[in-house]
Amino acid sequence: MEPLTLIVATVVLGAGTFAFRFAGPVLRARVTLSPRSERLMATAAVVLLAALVAITALTDGHEFAGFARPAGVLVGGVLAWRKAPFVVVVLAAGATAALLRVVGVP
Amino acid sequence: MDRGLARDIGLVCLADCIVGISYGAIAVGSGFPIWAPMLLSLVVFAGASQFMFIGIVASGGNPIAAVVAGLLVNARHLPFGFAIGDVLGKSWARRLVGSHLMIDENVAFALAQRDADRRRAAYWACGIGLFVCWNAGVVVGAFAGTAITDTDAFGLDAAFPAVLLALVLPALRDKAARLPVAIGAAVALATTPFLPAGLPVLLALVGVLAGIAAKEPERETEVAR
């Protein structure tokens, strides 16, 4: 690809992404939201993040990610639910997936 | 900000730095000029869309398709901005810079904090930390080449969802959030096999509608009384 095309594509993607990011903070400052809609927005963010967890834990592209990754995330999730420290949760999730792969689990 | 929170954010920054190294290496390895992954990281600063962009272009896809796919993946920042927009601060400088630093991890860190001061501190510390570490990682990866390309071997692919899960779990202790989250995650997973990346995550928002619908009758009876 031509360098100029690559630069233009990068800048357009960056500008569009910035517009997505910037719209919320700016529009929010102009309107006063009811406590109910505030709660709704927070719920929406939680729903998006949870959906992201489900997708990134279980799928890779359009396919199933294999067993090692979801198993690691599950171990992390159980530890987090039992209120284990964040560092333990993250390292246990990564180590579980890595170890399962060492023993040949996809 | 206390040391515990700083340590947690530091760990996420370290993990993202390693992913950044692999991203830089993969981009250069698949034929991109050395500046391309760095420019993308500075200007776009959203890992999933950057991987998507270089993947499509490297496989001979057209740049417009790569941009559209990247934008679709990044559209979730719009609802994120509405949810945590007041955390950024009131001045225009803070809004401009804070918006560019908005990413899954610092939104999740902000949402997981109880009071406003901690929310702001977590958002900014995580945003700045990730921006520095991600870009530094990309530079290292772009120059070092194939040092780290398979981050799956370290289980880093499991660490990212685990990070978000740990940060989202406190919100799930609130029963009102559980139905919307369950429906949202189910819809996202069910549509992932056949929809382009980014869209399934956005479709998860129907879960929020379900939450409203579930609450509405209760309100009506209150009014009727």
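We did not get these values from a lab; they are worked out from the coordinates using the rules stated. Fair warning: this is a prediction, and the values are worked out from it, not measured in the lab. All Cβ positions, glycine included, derive from the backbone under ideal geometry; neighbour counts span all protein chains shown.
For this structure, a couple of remarks:
- Residue match in region B:2-9 (condition: under 18 Å from A:Leu13 (Cα atoms) and among the hydrophobic types (A, V, I, L, M, F, W, C)): no
- Among the residues of region B:8-57, those identified as within 8 Å of chain A (Cβ to nearest Cβ) and β-branched (Val, Ile, Thr) are B:Val12, B:Val43, B:Val44, B:Val57.
- Residue in region B:103-117 that is under 27 Å from A:Gly16 (Cα atoms), among the aliphatic types (A, V, I, L, M), facing chain A (nearest Cβ under 10 Å) and part of a loop (DSSP other than H, G, I, E, B) present: yes
- Note on region A:56-74: residues that are surrounded by 14 or more Cβ atoms within 10 Å (Cβ to Cβ) and facing another protein chain (nearest Cβ under 7 Å) total 7.
- Filter result (within 22 Å of A:Val89 (Cα to Cα) and outside any helix (DSSP H, G or I)) within region B:1-59: B:Met1, B:Asp2
- All of (1) crowded, with 16+ Cβ neighbours inside 10 Å; (2) more than 9 Å from every other protein chain (Cβ to nearest Cβ); (3) under 30 Å from B:Val208 (Cβ atoms) hold for B:Ala142 with one exception: (3).
- Checking each residue of region A:10-24 against the condition of being among the aliphatic types (A, V, I, L, M), in contact with a Phe, Trp or Tyr (Cβ under 7 Å, 6 or more places away or on another chain), at the interface with chain B (Cβ under 7 Å from one of its Cβ atoms) and more than 30 Å from B:Leu39 (Cβ to Cβ) gives no match.
- Residues that are touching a residue at least 12 places away in the same chain (Cβ under 8 Å) and under 16 Å from A:Gly104 (Cα atoms) within region B:152-168 comprise just one, B:Phe154.
- B:Leu72 vs. criteria within 19 Å of the chain's Cα centre (by Cα), crowded, with 16+ Cβ neighbours inside 10 Å, at the interface with chain A (Cβ under 9 Å from one of its Cβ atoms) and in a helix (DSSP H, G or I): no
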